[in-house]
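The structure under discussion appears below in the form of structure tokens.
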Amino acid sequence: MVISSNLGYPRIGPNRELKWSLESFWKKEINETKLLEDISRIKKDNWIIQKKSGIQHVPSNDFSLYDHVLDTCLVVNAIPDRYKRLKNKKNFLNLYFAMARGFQSGSIDIKAMEMTKWFDTNYHYIVPEFKNNQKFKLASTKIIDEFLEAKSFGILTRPVILGPLSFLYLGKSISNKFNKFNLLSKIIPIYKEIFTKLKKYGAEWIQVDEPILSLDLDKSFKNKFISTYDKLVKQSPKILLTSYFANVYPNYDVLRKVNVSGIHFDLINLETKYLTKILANFPKNKFFSAGIINGRNIWKNNLSKSIEIIKQIRRKINFERIMIAPSCSLLHSPIDLNKEDKIDLNIKSWLSFANQKLDEIAFLKKYFNSNLLQNSKFLSQNVKANKQRRNSKLIHNQKVKNKIKSISSRLLNRKNKYANRQEIQSKLNLPLFPTTTIGSFPQTKSVRKARLKFKRKEISKNTYEKFLKSETKKAIKFQEKIGMDVLVHGEFERNDMVEYFGEQLHGFIFTKFGWVQSYGSRCVKPPIIYGDINRNTPMTIKWSKYAQSLTKKIVKGMLTGPVTILQWSFVRDDQSRELTCKQIALALREEVLDLEKMGLKIIQIDEPALREGLPLRKSDWNSYLNWAIDSFKIASSSVKDETQIHTHMCYGEFDDILDSIEKLDADVISIETSRSNMELLDSFKIYKYPNSIGPGVYDIHSPRVPTINEMKDLLNKAQKYIDKEKLWVNPDCGLKTRGWPEVKQSLKSMVLVAKSLR
Ligand code: GLN
Ligand code: ZN
């Protein structure tokens, strides 16, 4: 009998209950007891729904109050020294949330731990910190408690834990010259202790996640998997070793030798040829977990295809040792499609969220375990929906397909080289060290309230737009008053930098409840790209034109770039990401040309997600970068030489893709640097960036107002590596999360600094 299994279920609750409880708790509106009650209910509901769906291996400890990597820090007592004063048995949550979010009270001000992206997803984890003389001990029994909690409801779960090698790998050493992997021998005993306890309490299986197996690992490091798990298996429940997100084949030589009971494969990221190779020498005594349902998208599975793949697996692997599972945890899927009552019914029939994915897994299990389902309605409906989707008029737009075919080098390049353009653009009459901002101004309560009222039809379009106009006008007047050189309209009309464009482009739909956790209580609701993308009407012209009409100074047009729109959406699985990205690029190109026609002299195309789109394996970088760069160039290159193209990037280190950034050939890039004290600029010592650049002079992520001197220092440092003729002065990123008081002060100082340097 094949086994149905799940690797993890969304934590946020069907109505984002986790978010509301956490935020009320942080605001001290509810107490700890209430918070714990709330989350017990979420966990219980999650277990029950999975069980009811027909999942046999239901996970536990996949839930987290904030983040599972942070949970693991607490399990092994990897608590950075700065939090030690908050350690107090009775007040565990105080410590936990201080590590996640920082702690301020009276004169105490402790910084949060660093947060970074979980592999190539939009989930963020807390980065563990290790010091030279790091000690570990078993300090949290959450995994055992949750196992017993589920057991008390009659559900024998498969507890999940982040494996020791991935845990160390994802952390950072804070002492110099110390290899964090030396801690392995110290941390293994803690894992052993947990595994032994779980066995004692009756766990049959434990799921150990080692997602780093999806990365490029060198041989000697890979071998640590063998020695580590040799030590862990004794007196342990059966171990299912999982990895996901990329082709695991390059590490399979070692993986197959690891002493565990089962191995999970992300089949969505494994080409058939590698699956065949893996099956050819898969160890006889191990379970094979087939991650066949995509845990990261929202499309209905192609069940007929999955059936064929499972048949292929069955030919090589004993029936009793096959598990059917999602490719990765369902943490990355929205929860329930059934709640969506506004989506076009055709499109809805093509979709599958977490709960529907569970049904697909359960169906496949039943299909293989009995003969009854060969002609089932579930299957025939699935086949029908997929066929209907393939041929649907909603998806295919011949006009767009023709445009894609006509992309030529003419579309990919500016008319002249940057050096010539720079000369031509001197007509813009900008001073040395021109000042600007990244685009958005504070999205104050009143801005958000007006948008909500408009959405709920409580105010008319006219009233809403009048309000937006008055906000825009205030922003323009403020920028003029402080002497900013290149102005922005402020983006008050935008809810979100991707949603705003998706809502106006053909080929996107939006869900009402399709939330996915980003970090802690934060969730995002990515748009779904279902069809060929087409721009029917201008998207930003009205606001840019209005803003420009208010001032003699230059106003920048402001667009979100194709790669970022792609990266922050659920995308089609019936064509390549490259093709979808280029379709978006063509639509943006039309917008850019219209902005130019309307008289905008500078147009900014933001690509904050360019870096995060990089594939996990280096061997895949080139191909991604090639089409990502081409997409940006399709969107930006058709303008006249006198039109200045800006781009903006943030979130991440850019040192290793500087040559790609250069290839974008934007006239000006504004880039995040201030948080790292302009460390990025060190790479410019060796690497001569040819076009203009505005390294962010202050961090917009906190309300702190930067001092004149610190901005001056940064700019002086920048001048060592960048010709002053090419240096711009701007903050790190958009200002929408800030309040006006600090924005006003900060920008005034920033302009003063630029003036003094002139
Ligand atoms: N133009 C956008 C803004 O200012 C850019 C946001 C971003 O980089 N994430 O808000
Ligand atoms: Zn930014």
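The table that follows gives values for the structure above.
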{"read-out": "From ASP67, ASP38, ASP62, residue being without any contact (Cβ under 8 Å) to a residue 60 or more places away in the chain, acidic (Asp, Glu) and open to solvent by less than 60 Å² (accessible area, probe 1.4 Å)", "value": "ASP38"}
{"read-out": "Single condition ILE206 does not satisfy, out of (1) out of contact with any strand residue (DSSP E or B) (no Cβ under 7 Å at 6 or more places or on another chain); (2) open to solvent by less than 30 Å² (accessible area, probe 1.4 Å); (3) under 23 Å from LEU255 (Cα atoms); (4) among the β-branched types (Val, Ile, Thr)", "value": "(1)"}
{"read-out": "Residue satisfying all of: in region 539-567; within 16 Å of ligand 2 (Cβ to nearest atom) and outside any loop (DSSP other than H, G, I, E, B); surrounded by the most Cβ atoms within 10 Å (Cβ to Cβ) among these", "value": "ILE565"}
{"read-out": "Test for ARG494: is it open to solvent by less than 20 Å² (accessible area, probe 1.4 Å), farther than 30 Å from SER756 by Cα, charged (D, E, K, R) and within 16 Å of ligand 2 (Cβ to nearest atom)", "value": "yes"}
{"read-out": "Selection count where residues are among the aromatic types (Phe, Trp, Tyr) and either away from ligand 2 (no atom under 16 Å from the Cβ) or free of Cβ contacts under 8 Å to residues at least 60 places away in the same chain (or both), scope region 701-758", "value": "2"}
{"read-out": "Members of region 379-411 found to be of a type in the set (Lys, Arg) and modelled with pLDDT of 95 or more, listed by number", "value": "LYS384, LYS387, ARG389, ARG390, LYS393, LYS399, LYS401, LYS403, LYS405"}
{"read-out": "Extreme residue, surrounded by the fewest Cβ atoms within 10 Å (Cβ to Cβ), among residues of region 209-241 that are part of a helix (DSSP H, G or I) and under 24 Å from the mean Cα position of the chain (by Cα)", "value": "ILE212"}
{"read-out": "Qualifying residue in region 654-675 (condition: acidic (Asp, Glu), at pLDDT below 95, within 16 Å of ligand 2 (Cβ to nearest atom) and surrounded by fewer than 20 Cβ atoms within 10 Å (Cβ to Cβ))", "value": "no"}
{"read-out": "Test: residue in region 632-641 that is under 22 Å from PHE119 (Cα atoms) and within 16 Å of ligand 1 (Cβ to nearest atom)", "value": "no"}
{"read-out": "Neighbours by Cβ (under 9 Å, 6+ apart or cross-chain): first from region 98-120, farther than 19 Å from LYS27 by Cα and open to solvent by less than 80 Å² (accessible area, probe 1.4 Å); second β-branched (Val, Ile, Thr) and assigned to a loop (DSSP other than H, G, I, E, B)", "value": "MET113/VAL127; MET115/VAL127; THR116/VAL127"}
{"read-out": "Yes/no for PHE92 being within 28 Å of the chain's Cα centre (by Cα), surrounded by fewer than 22 Cβ atoms within 10 Å (Cβ to Cβ) and in a helix (DSSP H, G or I)", "value": "no"}
{"read-out": "Residue in region 176-203 that is surrounded by the most Cβ atoms within 10 Å (Cβ to Cβ), counting only those that are part of a loop (DSSP other than H, G, I, E, B) and over 29 Å from the mean Cα position of the chain (by Cα)", "value": "ALA203"}
{"read-out": "Those residues of region 570-583 which are crowded, with 19+ Cβ neighbours inside 10 Å, among the polar types (S, T, N, Q) and out of contact with any Leu (no Cβ under 7 Å at 6 or more places or on another chain), in sequence order", "value": "GLN583"}
{"read-out": "Long-range neighbours under 8 Å by Cβ, at least six apart or interchain, first residue free of Cβ contacts under 8 Å to residues at least 40 places away in the same chain and farther than 30 Å from GLU596 by Cα within region 639-657, second of a type in the set (Phe, Trp, Tyr) and open to solvent by 40 Å² or more (accessible area, probe 1.4 Å)", "value": "none"}
{"read-out": "Segments classed as helices (runs of 4 or more DSSP H), wholly inside region 327-427, with at least 2 members that are within 21 Å of ASN294 (Cβ to Cβ) and free of Cβ contacts under 8 Å to residues at least 24 places away in the same chain", "value": "377-391"}
{"read-out": "Qualifying residue in region 209-218 (condition: touching a His at 6+ places or on another chain (Cβ under 9 Å) and among the acidic types (Asp, Glu))", "value": "yes"}
{"read-out": "Contacts under 9 angstrom Cβ, first residue in region 129-153 being touching a residue at least 24 places away in the same chain (Cβ under 8 Å) and within 15 Å of TRP47 (Cα to Cα), partner open to solvent by 40 Å² or more (accessible area, probe 1.4 Å) and of a type in the set (A, V, I, L, M, F, W, C), 6 or more apart", "value": "PHE147/LEU156; ALA150/LEU156; PHE153/ILE48"}
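The values are calculated or read from the model by the stated rules, or taken from the named source; none is laboratory data. Fair warning: this is a prediction, and the values are worked out from it, not measured in the lab. All Cβ positions, even for glycine, are placed from backbone atoms using ideal geometry, and neighbour counts span all protein chains on display. Heavy atoms of the whole protein, side chains included, go into the accessibility calculation; ligands, DNA and RNA do not. Shrake-Rupley method; radii C 1.70, N 1.55, O 1.52, S 1.80 Å.
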